[in-house]
Each structure stands twice: as C-alpha cells, then as structure tokens.
Amino acid sequence: MKISRRNLLAPRRWFVMASPADAFAEPQSIHFLNRISFGARPEDVARLNTIGTEAYLDEQLSPDTIDDSALDEHLKDLAILKMDRRAVYALPNNEWRIFQTMATAFMRRAVFSKRQLLERLTEFWTDHFNINADDSDYNADLLRLHNTIRRHALGKFRTLLQETAKNRAMLIYLDNFVNEKDHPNENYARELMELHTLGVDGGYTEQDVKAVARAFTGWTIHDETPDGFYFDADMHDTAPKSVLGHTLPAGRGIEDGLHVLDIVAHHPATARFICRKLAVRFVSDNPPDSLVDAMVAVWQQTDGEIKSILRHLFLSAEFGAAMGQKFRRPLDFAVGAMRASGTTVYVQWIMEEMLQSLGQMPFSWHPPDGYPDVSSAWATTDGLLARWNTAMRLTHGAQSDPEWGYGLHTDLFARIGTPATVSALVEAVGEQVFGAPLLPSAAEPFIDFASDGQGGNRTVTPHLLAQKLGSLFGLMLASPLFQWR
Amino acid sequence: MANKISRRSILKTGAALGVIGASQSLLPGWMPRVAFSAQAQTPQHDTLVCIFLRGGMDGLSMVAPFGEGAAYYDARPTLALSEPGSGSDAAINLDGFFGLHPSLSPLKEVYDENDLLLVHATGLVDPTRSHFDAMRFMEYGIPGDKTVNTGWLGRHLQTAAWQNQSPFRAVGMGTMLADSLRGPVSPLSLQSIADFHFRGRADQLHRLRQSLSQLYAVQAPADMLGEQAGLVFETIDTLKQIQSAQYQPGGGATYPDGEFGMGLQQIAQLIKADVGLEVACLDLGGWDTHENQGTIGGAFADLAGMLGRGLHAFYTDLHEQMGNITVVAMSEFGRRVSENGSHGTDHGHGNVMFAMGGGVNGGQVFAQWPTLSPTALDDGDLAITTDYRAVLAELLSNRLNNPAVTDIFPGFEPSPLGLFHSPERV
C-alpha cells in the first residue's frame, strides 16, 4: 500500500480543504476584496454587504471620490514626497534617501489607503514600466513618474505611455538619452515594443526596432529644463522611417517619436498584451481567452481606458470562478500581513531586511520586465520559510519579543474584543486575518493549536491569550489559505 | 526508469504553468537524508555547478581575440584590450591568439593546470536579441519553442538512471529559481544556510511546526505548496546538522564578498557535507553593459573580477574533490563586435562559455573560429559555430553519466568535441 506523506501528517478527523471557497460563509465577498485590494478587511466586507459589488467597484474605480485624508497622516513624515525635484537632487545622499522614501511610501499606501484598487493599479504599472531605484542617479524623476503613474493608472493607456517615454529616469534606465543619429541606441526602442506595448510576440521585426530607435533619436535629458526632458534636434535622425507598416516622413522632429507612441499604443497586439497582463494580475496565472477577448473589445471601444476594462473584468464570470488562484507575491504577503495584524514597522532597515528575506524589495528589480506575476516564480522553499518567519515576527515578535520585535509596533489584543472560548477567539482572529470568520471545518486546525487539543469550548483566560494570541495570528498568516487569494 | 518516460511527458510536466511538480518520495519525512549520498564513494557522476551570467556577457572582452589585429582593434577603439605584454590593460596570453581579461588573472593557474576550458563563438543559435527570450530558450534548452516549460537540467534530473531522494538534489542559490531547473524534481531554493531555520515563540516551536505542517497537508491546493512545505522542514533539519558558524574554506581560499561569492561558498559547504547535492545553480547578473563598459576599470571589469575570484576560491576550496565536480558558466548572448557611441556594446550573438573541473579538457580556447571579418559576422555580431547544446551534451554524457541527450535537447544532434573526459580517462 502506498503511504503518502499527506496521510501520515493529517489527523483523519480534519477536513481536507478542496478549495479556499470552502473556508468562508461568503467566499465571493472575500474573493472580490482580496483582488481589488491588498487584503480583505472586516470593515470592507461590511461595506460591501451594504452597498453591493457594483457600487463598491464603481467607488474604487473613481478614487477621487474616496476621502483618503487618513492616509496623509501616515505619509507626513516623508518630507521628500512634497519637495520639488531640484531641491531633492540638491540633498546629500539623495539617491538612497529617495529610494527609502519611495519604498516606505509604497508600503504605507498599500496598507492604509482607502483607494485600494488605485494602489493595486499603481503597482501593476510600476511593474509594467519597471525602473529600478536601488542603484541609480535618477530617483527624484522616478518618484515623479511613480506619482504620475498613480494619477493616470485608471485612465487611458496612451497617456501613461507618453509620460513614461519622456521621463528622465526612463530615458536613462533604457539608455535613450544617448540615442543619436550617428550612433543609435536600440535599448529603449526594443523594450518599448517588447515589454511596454506589443509584447515579444506582437509581430515587430528587428527592422522595426532599428526604425523606432531612429525615431527616438534626440529624446534626451537636460539639467536646465524643469522636468529634465529635452528634445535635441541636432541628435535627431530626420530621414524617413517605416515602423510596423506606417511611414514616418522625412524632415520631422519630436513628432517622429510621438507618432511611434501612437502607432504602438493603437496596435492590436498591444491591446491583447496589456489586457492579458491585467487578467494575469487580477484573475489567474493562465486566464481564459474568453475573458481576454472581451477585455480587448472594451479596449477597442474605449481607446484603451483602463477603468472600463477593469469594470468588465471584475464583474465577469471568469473572475468569479477564480477564487484562490492567485499566489500572493512577497510584497502582497507583507502588506496583507500588516493589514491583518495592524503591525507597523517604524524602523526603515527592519522593513528592508524583511522584504529582502521575502525576496521582493520595491523598486529593486533590475531588468525592465518587472517582477514576475505567476506562482511558479514565487513559491520556493526559501520564500515559504521567509513568509513563516515574517508572519511570526509581525505577530508574536511584535507583541511579545523585545529583541525580535524591535522596530515593530502592534496591539493584537485590541483587534479581537473579548472572546470567551477558543472557538470565539479563533473566529475573531480569523476575521482579522481573512476579512471574515473561518467556517468551523476550516477553523479546526487553529482551534486545535490554541486549545492545546482540548477543543473549541475551552475557556479563554488572560494566560491563554498571552500564550497563544501572537502565535495564532502568525499561524494563520503562515497558512496556505493566506498565501492564496 | 529513464526508458519509460515519453518525450511528451518530459517536456510538459504537471500543469501548463511550469509549476514545480511533486517529488516522488515515498519515505517518511523524518528519515535522515544525509545517508543518500553515501551510495557513491566513487561517484557515478560529477556534481554540477551551473552559473548563469545574466545580461549578455561580453565574451569578446572576457576572452579577447587580439590575434585578429585590425578587425578587433578598429571595431573597439576604447574597449579593446591591448596585446599581451603591452601594459596594464593587456590581455593575458592564452594561446597566442586569444587573451584572458586581466580581471580573470586568478584563473590563469587553473587554465595552466588544464582544469579551465574556454569555448568561444558558442551560444544560442536562435537569432533573438531579447534578454528574456534568449534566457528562456537557453535555459529551457529548446530554442524557438515557447511551449516547453521544463528546463534542460530539470529534464536531466528526470532522465538520470539513478534515484536520489535528497531534498538537496537540485539547489538554486538565491530567491528566484533558475528556469533551467524547472521540472518534476523539486529544486530547493536557498539564500543562506545559516538563516534557514523556523523562528517562532521558543516554547511553542515544536507545536507550531507541527501545526504548520498539518495545515499544509489539509489546506494546500494541488500539492505544490504542500510539497514545498515538506521540503522546507527536511531542509531545516539537515542544515542544522551541517551548519557551522565559521566555515573555513580549504586551502586558504577567500571567496569575494557579495551574493555570488557567498553563493559559491555555500555550494561548497553543501558539497562537503555530502547531502546528496547533484546540481547547483547560481546567477551573476549585471552584464548588460550598454554604456561605459570600461576595460580594466568599470562595470565589466568588476563583474569579471567577481567571477574570476569566485571561481578560483571555489577551485581552491574544493581542490581534492574537483575531479568529481564540473562548473559551467554561460550567458544568454554575447555583445556586438563594434562598440557603440556610449563606450559600451549592444546585444550580440556568439559568446564564450566556461567549464572548470578535473574532468574538463582544459588549458585551451576551443573554437571553430569564424573570424571577425565583416563577411563572417552575423548581422554585425560574432557568429556561432558551436551550439551551446553541443558543449552541454558532452557534459551530460561524459561527466554527468546521462546519455539521454536527445530527450534533454530534442531536435539537436550533438557531435563529440573532446571537451570533457570520460571518467575512466581522468
């Protein structure tokens, strides 16, 4: 008889979960909130139940209508966010300080902003138009780009594309600032088509790459202009060019590059490439063609308006069927764990250490393709252990261990009310971690842990809380159920 | 066992996503793994260390064809290395035609011992100049095919004629797993041996670990996470046995600081600990030198120095065992013959591969050299006259004892090149 390891470890009485949907009474609410935000919160579930999915979605798709002033409290100590770019560049050691500010701001926005979907999209476009910040001399411009991306994240793709093309950080990162008629540099031209628009299978040729490079000659940087961008006509190749079947006539200047942006933004392969990426981000690692097709249709109708495309996505049957199919990337995990536990990290290097161990530091991915978005990239042994340890550190460590909890602040007791029994305790902690209480069958392993095997009716004493509360939170955050959303 | 696996199943394992599949272990998790390597006092195969130089390493600077004369020097007015003996930026003479970059000087003695082989004008024959496509094709091992989702090393481990249930059979150093390892044998990803332990409330550690392992048994969908969780626990237990706070490399070797050096050192530790390691993968990235590449100073030289010192430290540290270890290093493509307008180089084609070890037929630069004359170039780039798979195919059959080369590189017909000794002849 074949003995599988699974049977050896699981007590037979425990319920084997076929799908995360089995863990909650209203799985669709949890699923929806886990995807449009960084992690379902009980108060969000309550609001969702009050106003319904469409209204909640429409709210999130119009972030300007959401009062986010509470977030400002969490960002007010980050002075660099409010400074003019030249003032920032004048600061000593500014590259490192800007990087720290950006990473900190990213984490705090993801945890505290009420405009959750906007933050999710900002993250998406930041990956899509990846620029690394940890080893570079353009960070004030990268910060500016990041904020610009946030402003246009739900708007038209063409607008976003142009903002990235002219940004000084992008011009340096992909070498276009040295792209000139006598010595063309193809790096930006290639990545513009391969990664930002058509995709590697989008049908462009090496000739197209060369022609696009020539079209962007002269798009360079300058110390004296307000935003650092400068079109240098002397560097520009004015000869005619042919790009993806379109003719760029001779004798033009900056119009060549703008024309190329129009061509690539409106190319059918671009709609497909970006819609599929959005579906991979928000639905599953291998989204159904039917969904991508429908999203492409919306793209064509709205000229690439992201909020309309997302509205279709989140109300689609394909989305509804995809619960538990996305694996939390390390940043998702860290943000989700902080939302769930209410733990804040107030020492910068502690946050960095944690994110390095998890394997995803914001703005630190060097190649232009951005952090991968499929489970096979992130479900590694080292990554898994790092999540368990981070889960314990943010909960038990923060609550009770002065050394391990250094730099962390939490108050887990304040989040659970006064549960009388272990069942009630697990229900309260589960609601904080997952957004809604676990069904009794899913709660069993946690009840077993918290009651030392004595069962859910065991009384909760202050001693039991002191012993178990931190670890119970941590165990839930470390469990498979939290890794999938 | 190898004979029964169909090609189809080798290439497309598990779900279409390239998910790291289930390992075949039927043995209880508590069984100590350290015993598994003991089956080979005289190993049947080398331990392989596979280094990927990410970004497109400039082979023409690593092993410079100074013998080309004007064709080399005219194309690289600021980036060419001077002829051997002519100053501080001179190449180190290897065979009168090729010279080694000065930053690789620690490896000259390994070359002179015939334990370092350089293969030139090699690489991925696919014309792509995209990093991501080139890396993917090279690591998956079937250029042009984007449907395959197992790596060449994953297929090697699957088709090898022996069993090895050690969780350390395939190890990827770092946080992200190399594509070449993807396959049914679950690789272990490892950042740091010293840090690889579970941490929680001290008086509940055992109970927490038990709960966690039970949770992964009941909650993990589709087995993937469950298998990973099992691997984590086995690895923690084994590493506890081999962990030593102050590892002393043999022979006074000093590994360079940084992720690459520390990665090599930890691989050396795992080899010495006899935990059943067969294949270890490690990256050294940053080679995409589009501007200000430099000769003896600058980004390229820094990386080359890290590579040279790291490999030399590894060689020295494991000196007595190098007869059963082979290290290979490759990059997704080389760089253009002519430098660009920013004192750098753009994506190219033909490149250099490294192989180091006792079983390597070293002390030579192997190349069917196409020359740098304009008519011999591939769209301005060094042509490829030796498919990289030919090098790896010989590695597989002669050093890794795996003749299933047509399953690992389907559609490729290797011919013997004499680059690796068969074990009897060492």
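The values are calculated or read from the model by the stated rules, or taken from the named source; none is laboratory data. Everything quoted here is computed from the prediction, not taken from an experiment. All Cβ positions, glycine included, derive from the backbone under ideal geometry; neighbour counts span all protein chains shown.
Checking the condition in contact with a helix residue (DSSP H, G or I) (Cβ under 9 Å, 6 or more places away or on another chain) and either closer than 19 Å to B:Leu212 by Cβ or in a helix (DSSP H, G or I) (or both), which residue from A:Gln399, A:Gln454 passes?
On the way: A:Gln454 fails: either closer than 19 Å to B:Leu212 by Cβ or in a helix (DSSP H, G or I) (or both).
None of the other options fit; the residue is A:Gln399.
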Exercise. Only strands (runs of 3 or more DSSP E) wholly contained in the range A:178-284 count here; list those with 3 or more residues that are without any contact (Cβ under 8 Å) to a residue 12 or more places away in the chain and on the phi > 0 side of the Ramachandran plot.
Key: none
Practice problem: State whether one or more residues within the range B:163-172 are within 8 Å of another protein chain (Cβ to nearest Cβ), touching a Leu at 6+ places or on another chain (Cβ under 8 Å), buried (at least 20 other Cβ atoms within 10 Å of the Cβ) and within 28 Å of A:Gln467 (Cα to Cα). | Solution: no
Self-check item: Residue match in the range B:60-79 (condition: touching a strand residue (DSSP E or B) at 6+ places or on another chain (Cβ under 9 Å) and at pLDDT below 95)
Solution: no
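In the range B:152-168, is there at least one residue being β-branched (Val, Ile, Thr) and assigned to a helix (DSSP H, G or I)?
We begin by selecting, within the range B:152-168, every residue β-branched (Val, Ile, Thr); these are B:159.
Imposing the further condition that a residue be assigned to a helix (DSSP H, G or I) reduces the set to B:159.
Checking the range B:152-168: at least one residue is β-branched (Val, Ile, Thr) and assigned to a helix (DSSP H, G or I).
Among A:Val345, A:Val335, which is the only one that is among the hydrophobic types (A, V, I, L, M, F, W, C) and under 19 Å from A:Arg485 (Cα atoms)? Steps first, please.
Values: A:Val345 fails: under 19 Å from A:Arg485 (Cα atoms).
Exactly one residue qualifies, and that residue is A:Val335.
Can you tell me which residue within the range A:19-65, out of those that are among the acidic types (Asp, Glu) and not in a loop (DSSP other than H, G, I, E, B), is farthest from the other protein chains (Cβ to nearest Cβ)?
Of all residues in the range A:19-65, those among the acidic types (Asp, Glu) come to A:22, A:26, A:43-44, A:54, A:58-59, A:64.
If we keep only those that are not in a loop (DSSP other than H, G, I, E, B) too, we end up with A:22, A:43-44, A:54, A:58-59, A:64.
Details: A:Asp22: 10, A:Glu43: 26, A:Asp44: 23, A:Glu54: 29, A:Asp58: 32, A:Glu59: 31, A:Asp64: 36 Å.
Residue satisfying both the conditions and the ranking: A:Asp64.
Taking the condition of being in contact with a helix residue (DSSP H, G or I) (Cβ under 7 Å, 6 or more places away or on another chain) and surrounded by fewer than 22 Cβ atoms within 10 Å (Cβ to Cβ), how many residues in the range B:223-237 meet it? Spell out the reasoning first.
Going through the range B:223-237, the residues in contact with a helix residue (DSSP H, G or I) (Cβ under 7 Å, 6 or more places away or on another chain) turn out to be B:225-226, B:228-233, B:235.
So of that shortlist, the ones also surrounded by fewer than 22 Cβ atoms within 10 Å (Cβ to Cβ) come out as B:225, B:233.
Within the range B:223-237, residues that are in contact with a helix residue (DSSP H, G or I) (Cβ under 7 Å, 6 or more places away or on another chain) and surrounded by fewer than 22 Cβ atoms within 10 Å (Cβ to Cβ) number 2.
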Self-check item: Some residue of the range A:313-334 being touching a Lys or Arg at 6+ places or on another chain (Cβ under 8 Å), part of a helix (DSSP H, G or I), closer than 30 Å to A:Ala414 by Cβ and away from chain B (no Cβ under 14 Å)
Solution: yes
Quiz item: Restricting to the range A:431-446, what's the tally of residues that are outside any loop (DSSP other than H, G, I, E, B) and away from chain B (no Cβ under 11 Å)?
Solution: 6
Quiz item: Does B:Ala121 fit the bill of being within 13 Å of chain A (Cβ to nearest Cβ) and either touching a His at 6+ places or on another chain (Cβ under 8 Å) or modelled with pLDDT of 90 or more (or both)?
Solution: no
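Listed here are the residues, each with its yes/no results for (1) more than 26 Å from B:Ile271 (Cα to Cα); (2) assigned by TED's automatic domain parsing to the domain that holds B:Asp126; (3) in contact with a strand residue (DSSP E or B) (Cβ under 6 Å, 6 or more places away or on another chain).
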{"position": "B:Asp145", "(1), (2), (3)": "yes, yes, no"}
{"position": "B:Gly154", "(1), (2), (3)": "no, yes, no"}
{"position": "B:Ala160", "(1), (2), (3)": "no, yes, no"}
{"position": "B:Gln165", "(1), (2), (3)": "no, yes, no"}
{"position": "B:Thr175", "(1), (2), (3)": "no, yes, no"}
{"position": "B:Ala178", "(1), (2), (3)": "no, yes, yes"}
{"position": "B:Ser186", "(1), (2), (3)": "no, yes, no"}
{"position": "B:Ser211", "(1), (2), (3)": "yes, no, no"}
{"position": "B:Tyr216", "(1), (2), (3)": "yes, no, no"}
Exercise. Look through A:Val264, A:Val296, A:Val260 and report the one residue that is in contact with a Cys (Cβ under 6 Å, 6 or more places away or on another chain) and more than 14 Å from chain B (Cβ to nearest Cβ).
Key: A:Val296
Self-check item: Meets criteria (closer than 28 Å to A:Ala398 by Cβ, of a type in the set (Ser, Thr, Tyr) and either more than 14 Å from chain A (Cβ to nearest Cβ) or not in a loop (DSSP other than H, G, I, E, B) (or both)) for B:Tyr216
Solution: yes
Quiz prompt | From the options B:Asp302, B:Asp317, B:Asp379, B:Asp346, residue that is out of contact with any His (no Cβ under 7 Å at 6 or more places or on another chain), among the charged types (D, E, K, R) and closer than 23 Å to A:His183 by Cβ | solution = B:Asp379
Self-check item: Single condition B:Gly294 does not satisfy, out of (1) assigned to a helix (DSSP H, G or I); (2) away from chain A (no Cβ under 11 Å); (3) of a type in the set (Gly, Ala, Ser)
Solution: (1)
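Tell me the residue from A:Leu408, A:Leu355, A:Leu384 that is at pLDDT 90 or above and either surrounded by 23 or more Cβ atoms within 10 Å (Cβ to Cβ) or of a type in the set (Lys, Arg) (or both), please.
A:Leu408
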Quiz item: Which of (1) in contact with a strand residue (DSSP E or B) (Cβ under 7 Å, 6 or more places away or on another chain); (2) free of Cβ contacts under 8 Å to residues at least 60 places away in the same chain; (3) away from every other protein chain (no Cβ under 14 Å) is the odd one out, the single condition B:Ile325 does not satisfy?
Solution: (2)
Quiz item: With A:Ala103, A:Ala110 as the choices, which residue is in contact with a helix residue (DSSP H, G or I) (Cβ under 7 Å, 6 or more places away or on another chain) and surrounded by 19 or more Cβ atoms within 10 Å (Cβ to Cβ)?
Solution: A:Ala110
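Which ranges mark the helices (runs of 4 or more DSSP H) fully within the range A:66-155 that have 3 or more residues being of a type in the set (Asp, Glu)? Steps first, answer last, please.
Values: elements: A:69-75, A:85-89, A:94-112, A:116-128, A:139-152.
Here the list reads A:116-128.
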Quiz prompt | Single unsatisfied condition, B:Thr238 versus (1) under 32 Å from the mean Cα position of the chain (by Cα); (2) assigned to a helix (DSSP H, G or I); (3) at the interface with chain A (Cβ under 7 Å from one of its Cβ atoms) | solution = (3)
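For the range B:179-213, name all the residues that are hydrophobic (A, V, I, L, M, F, W, C) and either facing another protein chain (nearest Cβ under 7 Å) or more than 30 Å from B:Cys50 (Cβ to Cβ) (or both).
First, the residues of the range B:179-213 that are hydrophobic (A, V, I, L, M, F, W, C): B:181, B:185, B:188, B:190, B:193-194, B:196, B:198, B:202, B:205, B:208, B:212.
Selection gives B:Leu188, B:Leu190, B:Phe196, B:Phe198, B:Ala202, B:Leu205, B:Leu208, B:Leu212.
Within the range A:372-396, restricting attention to residues that are in a loop (DSSP other than H, G, I, E, B) and not aliphatic (A, V, I, L, M), which residue is farthest from the other protein chains (Cβ to nearest Cβ)? I'd like the intermediate steps shown before the answer.
Step one: of the range A:372-396, the residues in a loop (DSSP other than H, G, I, E, B) are A:372-374, A:379-380.
Still in the list and also not aliphatic (A, V, I, L, M): A:372-373, A:380.
On the way: A:Pro372: 8, A:Asp373: 12, A:Thr380: 4 Å.
If we take residues in the range A:372-396 being in a loop (DSSP other than H, G, I, E, B) and not aliphatic (A, V, I, L, M), then A:Asp373 is farthest from the other protein chains (Cβ to nearest Cβ).
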Quiz item: What's the number of the condition A:Asp369 fails, among (1) within 8 Å of chain B (Cβ to nearest Cβ); (2) assigned to a helix (DSSP H, G or I); (3) modelled with pLDDT under 95?
Solution: (2)
